[in-house]
1. Give me the aspartates and glutamates in straight-line cross-link reach of K287: C-alpha distance below 20 Å, same-chain residues under 8 apart excluded.
2. Output wanted: per-residue J couplings in Hz (rounded whole) for the stretch 48-62, from phi through Karplus 6.51 cos²θ - 1.76 cosθ + 1.60, θ = phi - 60°, x for Gly and Pro.
3. In straight Cα distance, which lysines are under 18 Å from K192, not counting same-chain residues fewer than 8 positions off?
4. Tell me the carbon and sulfur percent of the accessible area for the stretch 96-217, rounded to whole percent, probe radius 1.4 Å.
5. Over 32 Å between Cα atoms, which of K49/K116; K32/K204; K95/K144; K146/K226 qualify?
6. Within 10 Å of each candidate Cβ there may be at most 15 other Cβ atoms; applying that plus a DSSP loop requirement, which trypsin sites (Lys or Arg not before Pro) in the stretch 129-191 survive?
7. For the chain, what does the helix formula give at 222 nm: sum of -39500 (n - 2.57) over DSSP H segments with n ≥ 4, over the residue count, nearest 500 deg cm²/dmol?
8. Counting only heavy atoms of the protein chains, get the accessible area per residue of the stretch 54-151 (1.4 Å probe) and round it to a whole Å² value.
Amino acid sequence: MLCVFGTMIKIITHKWVISKYITGPWETAAMKDCNILDTNQLIQHADIKLKEWIEDPTPLLTGCATNCFGEEVNECKVCLTEGEIDKRITDIMQKLLDSISAVIQRQLSDHLLGGKFAEPSDVLIKEAKSCSSTNISGERQFAKMKRVQSNAPSTMMTKIESKSMYAANRVGQDMAKMTEGERERNIIWAVKQGAKIRVTDREKNRQYQEKMRERLRERRMEQVQKEEKGREQLEGVVEGVYRYGGLWLTEVDMGNSLSSLSETRKKEAIKSQIKFRTQVLHCDAVKIALSKLSSLQLQDQFIQILRSPIPQDSQIIQDIFEQSEKLIQQDSSEI
């Protein structure tokens with residue numbers, strides 16, 4: 001019991017250390033009202049620090065003086081002593097840190113050393129000044145757009161998006177700070193860009209609708225081909241039944257029809273009867289590879305199916321086949 005309790009304490013320690021030195025500071029930094037590019041140095045510093053801790057997590061487990069961003073932290077009261085740290089504890093911490101590092105490498109690679117945003121130019125910083133360090137603003141805009149669309153379903157999405165981004169990027173406030181000439185130039189530029197965007201959107205919509213129509217045509221063709229294939233298979237089954245004496249209703253019918261056939265013909269005849277009863281009349285049968293059975297085994301299989309009840313919906317089909325010869329004779333006499 002004490003061993004289990006000690007293990008639980010160590011697991012809790014791992015989570016507490018991660019929270020105090022990595023996730024907690026990261027959340028605090030992300031919630032600050034700053035530009036995404038302003039977090040480059042923090043992200044790069046955290047990436048380097050994580051790699052150091054992966055190599056040797058002992059300083060992290062015993063209580064570092066700084067967190068992943070190099071910021072000073074209060075004294076760690078839950079950290080372990082060097083005597084309490086064993087290989088199992090270090091292995092767990094290394095796996096946790098390695099997972100966190102993998103997420104950073106995957107999602108923030110553009111902001112790490114060597115990434116395309118790692119050393120932004122003054123122009124890029126100015127262009128991205130309204131880009132938040134989190135996706136909270138983006139999620140908020142999606143929620144607003146969804147509400148506007150629900151209130152006005154016929155409104156084009158481009159119009160909703162333009163109005164939402166105009167408010168989110170504070171275009172009106174920025175233009176109020178411009179001179180009259182700058183405002184005029186920006187308005188003229190925006191009008192021209194708007195016309196281009198509308199043409200592009202119309203073309204995209206046309207291409208999308210054409211793709212959807214083409215996809216529907218392909219699905220219809222696939223359905224037609226599937227139905228045609230199924231119909232041909234059923235026709236082959238029915239032809240096979242008529243080829244060998246019609247539908248067998250009893251074991252006597254089977255014996256009479258097979259008496260004059262060769263071994264190969266016997267197999268074909270029995271398989272046709274089995275397929276008709278399973279595929280047309282939908283009788284219950286154990287799924288088995290008929291091609292691997294001998295004629296005697298096929299006969300046993302057919303007898304089992306013959307003794308199983310025919311579904312009520314399929315009874316009329318059997319009745320038609322029972323009366324088929326009489327109907328054919330009657331039609332012939334009338335002609």
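1. By straight Cα distance, K287 reaches E268, D300.
2. 5, 5, 4, 5, 5, 5, 5, 5, 8, x, 4, x, 6, 6, 8
3. Within the straight-line limit of under 18 Å, K192 reaches these lysines: K159, K163.
4. 55 percent
5. Over 32 Å Cα-Cα: K32/K204; K95/K144; K146/K226.
6. Loop-located and lightly packed - K129, R170, K177.
7. It comes out at -22000 deg cm²/dmol, rounded to the nearest 500.
8. Here the residues of the stretch 54-151 average 68 Å² of exposed surface.
The values are calculated or read from the model by the stated rules, or taken from the named source; none is laboratory data. Everything numeric in this text was worked out from a predicted model, so none of it was measured. FYI the Cβ positions are ideal-geometry reconstructions off the backbone, even for glycines, and counts take in every protein chain you see. Note: accessible area is taken over every heavy atom of the protein model, side chains too, but ligands, DNA and RNA are not part of it. Shrake-Rupley method; radii C 1.70, N 1.55, O 1.52, S 1.80 Å.
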